[in-house]
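A.B. asks: Sharing a structure here in C-alpha cells format.
The values are calculated or read from the model by the stated rules, or taken from the named source; none is laboratory data. Note that the structure is a prediction, hence the values are computed from the model and not measured. Using ideal geometry, Cβ is built from the backbone for each residue, glycine included, and neighbour counts are taken over all protein chains shown. SASA here: full protein model, heavy atoms, side chains in, ligands and nucleic acids out. Shrake-Rupley method; radii C 1.70, N 1.55, O 1.52, S 1.80 Å.
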Amino acid sequence: MRLAPTDEIREFQLAVRAHIATHRPDLPRLPGTRSPDSVDLPAYRAWCGSLFSAGLMGSDWPVEWGGSGVTNPLRDFVLDEELAAAQVPRAIGAWNLVCGTLFEYGSERQKATHLPRIRSFDDLWCQLFSEPEAGSDLAALRTTARVDGDGWIVHGQKVWTTHAHIADLGFLLARTDPLASKHAGISAFIVDMSAPGVTVRPLRDITGASDFNEVFLDDVRLPAGAMIGAPGQGWEIARSALARERSHSVREDPVVAKVERLVGIAGRTADSTGTTLADRRDVRQRLGQLYARARATDLLGFEGVLREASGADRSYDAPVVKLMFSEANLDAVTYAAELLGEQAVHGEDDPQAPDDGYWQKAWLFARGYTISAGSNEILRNLVAERGLGLPR
Ligand SMILES: Cc1cc2nc3c(=O)[nH]c(=O)nc-3n(C[C@H](O)[C@H](O)[C@H](O)COP(=O)(O)OP(=O)(O)OC[C@H]3O[C@@H](n4cnc5c(N)ncnc54)[C@H](O)[C@@H]3O)c2cc1C
C-alpha cells in the first residue's frame, strides 16, 4: 500500500530507503517469523542493530532508552513496508513483545539491563508461553515457579517456542500461586536460555524447517529480579503482549506482494492448451478477488495503526486484522498451488521449481499463521464476545 505521507513520515521513509541502500545485508528475507540459519545470525544481529542505531527501529522509545521520543505508530508501519518492498529481512524474535512489556511493567533495573541489549540486538528473545496442554487455553499452563531464597526455581515444559534454539533470553509465563484462581496465579519472568536446566529440542515443521522448539525447564534457578511486574500479574502482562503480537503479523508477510508475484507468474506461464494463464477469464477473476482482499487486509491493518496513533485502538481490532490477513494469505498461496499445479510442489532445491521454490514454502507456511498468536477459532470467539458483545 502507498501512503500519502506527512513531511515527518516522508522524511522517515527516505531515511529508511537510504539506510537500506547503504547497509543492505546479504541475507535472504524470510517469510514470517522464520529463523535465520545460524551462520547468518551474526550478520542478522548486525543488520537489526543497525536499524535501531539509525533510529529506524524503536524510534518511538523514550529518549532515555535510545528512542526519539516521537510516538508515531506510522513509523513502524512505514519501516515494515519499506523492508518488505526492498526484500530485506525484518527483525525476528520476541523483542517487540518484551520491550512493550518492560516499558509498562519492568523495573528500572530490568530496563537498564535489557533495553540497550535489545537495541544492539546482542540479545535475541523467545516467547515461552504455550505448553503441551495450554495453547488456546493459555491460562491452564502448568509450569511452576516456586520461591527459593531470593529467587525462583522453575519447572515445566514449553512448546512451539519459535527461535528458542537461537535465543539468548526467554519471556516466560509460569504459575507462582497454585492455590490462586487459574488466571490470578500466573507471573511473568525473564529466563537466561543458557542457564543450567534449560533444554531446547527443535521441532520440525511441515516446511521441513525447525523454527520452533520444545523447551524443558528442569529446576531452572532464576535470580532475584527475574520477575517482570508483580506476582500474579502475568496474565495481564500476557494479554497486553499478545495484542501487540497479533497486530504485527499482517506486516510480517504482506499478501499484496504475494498476489502481485502471482500475477507476474500468470503473465508468463501457459496452461496445457498453450493459453497464457493471465489471458484466462477465470484466472483474472480469481486474481482480482485475491488482490482486492489483500488490499482490504492492508487497509484494515493501516486503519488499526491510525487508530492506535490517535490513542483509540480497540481490543478486538488486532484479532480482526490477524484473521483477515491469515485467511487471505492462505487463500492466495492455495490458489498459487492450484494454478501452478504440480510445479508448485517443487521445493527450492529443485531446478524446475517456479520462483526458486517460493510457492511450496509459502503454501506450507501459510497454515501456521492461522494458528500462531492465537488460533483463528479463538480469535473469532474474541471478536464475537468483545467486539460484538455476543454471549460466551
Ligand atoms: C508457527 C507457530 C509459531 C508459534 N510460536 C510460538 C512461540 O514462539 N511461543 C509460544 O508460546 N507459542 C507459539 N506458538 C503456539 C501457538 O500460540 C499455539 O499453537 C496456539 O495458541 C494454539 O494452541 P495449541 O497448538 O495448543 O492448540 P489447541 O489449543 O490444542 O487447539 C486445537 C484446536 O482446537 C481449537 N480450539 C481450542 N479451544 C477452542 C475453543 N474454546 N473454541 C473453538 N475452538 C477451539 C483451536 O482453534 C485449534 O484449532 C506458535 C504456533 C505456531 C503455529
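A.B. asks: For region 150-157, just list the computed ³J(HN,Hα) in residue order, Karplus coefficients 6.51, -1.76 and 1.60, θ = phi - 60°, integers in Hz, with x standing in for Gly and Pro.
C.D. replies: 9, x, 9, 10, 9, 9, x, 9
A.B. asks: Which aspartates and glutamates have a Cα less than 12 Å from the Cα of residue 158, not counting those fewer than 8 places away in the same chain?
C.D. replies: The reachable aspartates and glutamates, counting only those whose Cα sits under 12 Å from residue 158, are 131, 133, 214, 218.
A.B. asks: So how far, in whole Å, is the C-alpha centre of region 118-189 from the one of region 260-282?
C.D. replies: Computed from Cα coordinates, the inter-centre distance equals 49 Å.
A.B. asks: Follow-up question, since we're still on this one. Under 16 Å Cα-Cα from residue 361, which lysines qualify once same-chain neighbours fewer than 8 residues away are excluded?
C.D. replies: 258
A.B. asks: Using only Cα atoms, figure out Rg for region 159-238 and give it as a multiple of 2.2 N^0.38 Å.
C.D. replies: Working it through for region 159-238, the quotient is 1.19.
A.B. asks: Follow-up. Out of 118, 378, 228, any idea which swings most in a Gaussian network model of the chain, alpha carbons joined below 10 Å?
C.D. replies: Greatest mean-square fluctuation among the candidates belongs to 378.
A.B. asks: Which of 278, 106, 179 sits closest to the plus end of the dipole of the chain, meaning its Cα is farthest towards the positive end, when Lys and Arg get +1 and Asp and Glu get -1 on the C-beta?
C.D. replies: Positive-most Cα among the choices belongs to 278.
A.B. asks: Right, another one. Averaged per residue, what accessible area in Å² does the chain show with a 1.4 Å probe, protein chains only?
C.D. replies: On a per-residue basis, the chain sits at 47 Å².
A.B. asks: Here is a further query. With +1 on each Lys and Arg Cβ and -1 on each Asp and Glu Cβ, and nothing else charged, work out how big the dipole of region 128-220 is about its Cα centre, in Debye to the nearest 20.
C.D. replies: I would put it at about 200 debye.
A.B. asks: Here's a follow-up. Skipping prolines and chain starts, which residues have an amide H placed within reach, meaning under 5 Å, of the one on residue 193, given they are 5 or more residues away or on another chain?
C.D. replies: Here the answer is 169, 170, since their amide H atoms fall under 5 Å of that of residue 193.
A.B. asks: Now, a different point. Please compute the contact order of the chain in relative form: average sequence separation of alpha-carbon pairs under 8 Å and at least six residues apart, divided by the residue count, as a percent.
C.D. replies: Once divided by the residue count of the chain, the mean separation gives 13 percent.
A.B. asks: What ³J(HN,Hα) values, in whole Hz, does the Karplus curve 6.51 cos²θ - 1.76 cosθ + 1.60 give for region 61-74 when θ = phi - 60°, with x put for Gly and Pro?
C.D. replies: Once θ is set to phi - 60°, the couplings for region 61-74 become 5, x, 4, 4, 10, x, x, 8, x, 8, 9, 9, x, 4 Hz.
A.B. asks: Here's a follow-up. Rounding to the nearest 10 and keeping the result within 0 to 90°, find how far the Cα-based axis of helix 281-309 lies from the longest principal axis of the chain.
C.D. replies: 30
A.B. asks: Okay, next question. Under a GNM of the chain (C-alpha, springs under 10 Å), which listed residue has the highest mean-square fluctuation: 122, 60, 26?
C.D. replies: Of 122, 60, 26, the Gaussian network model singles out 26 as fluctuating most.
A.B. asks: I'd like the orientation of helix 255-268 relative to the chain: the angle between its Cα long axis and the longest Cα principal axis, in ° from 0 to 90, rounded to 10.
C.D. replies: Rounded to the nearest ten degrees, it is 30.
A.B. asks: Still on this structure: Compactness ratio of region 7-92: Cα Rg over 2.2 N^0.38 Å, N = residue count?
C.D. replies: Ratio of Cα Rg to 2.2 N^0.38 Å: 1.07.
A.B. asks: How big is the charge dipole of the chain about its Cα centre, in debye rounded to the nearest 20, if each Lys and Arg gets +1 on its Cβ and each Asp and Glu gets -1 on its Cβ?
C.D. replies: Here the size comes out at about 620 debye.
A.B. asks: From the helices alone, meaning DSSP H stretches of at least four residues, give me the mean residue ellipticity at 222 nm for the chain, per-run term -39500 (n - 2.57), in deg cm²/dmol to the nearest 500.
C.D. replies: -14500 deg cm²/dmol
A.B. asks: Can you spot the lysines whose alpha carbon is less than 21 Å from residue 111's alpha carbon? Ignore those fewer than 8 places along the same chain.
C.D. replies: none
A.B. asks: Ok, one more. Counting pairs of alpha carbon atoms under 8 Å apart in space and at least six apart in sequence, what relative contact order in percent does region 82-183 give?
C.D. replies: 28
A.B. asks: What residue among 153, 78, 196 has its Cα farthest toward the positive end of the dipole of the chain, where the charges are +1 on Lys, Arg and -1 on Asp, Glu, each on the Cβ?
C.D. replies: The Cα lying farthest towards the positive end belongs to 78.
A.B. asks: Taking all protein chains as present, what is the carbon and sulfur share of the accessible area of the chain, in % to the nearest whole number, probe 1.4 Å?
C.D. replies: Answer for the chain: carbon and sulfur cover 52 percent of the accessible area.
A.B. asks: With unit charges on the beta carbons (Lys and Arg positive, Asp and Glu negative) and the dipole taken about the Cα centre of region 3-68, which residue among 55, 21, 6 sits farthest to the positive side?
C.D. replies: Highest projection toward the positive end goes to 21.
A.B. asks: Could you list which residues have their amide H under 5 Å from that of residue 269, counting only those 5 or more apart in sequence or on another chain, with H placed in the peptide plane?
C.D. replies: Counting only residues 5 or more places away or on other chains, the set is 277, 278.
A.B. asks: From the backbone phi of region 321-336, what are the Karplus-calculated ³J(HN,Hα) couplings (6.51 cos²θ - 1.76 cosθ + 1.60, θ = phi - 60°) in whole Hz, Gly and Pro given as x?
C.D. replies: 5, 5, 4, 4, 4, 5, 7, 5, 5, 4, 5, 5, 6, 5, 5, 4
A.B. asks: Explain nothing, just the number: relative contact order of region 253-387, from Cα pairs under 8 Å at least 6 residues apart, as a whole percent.
C.D. replies: About 21 percent, as a whole number.
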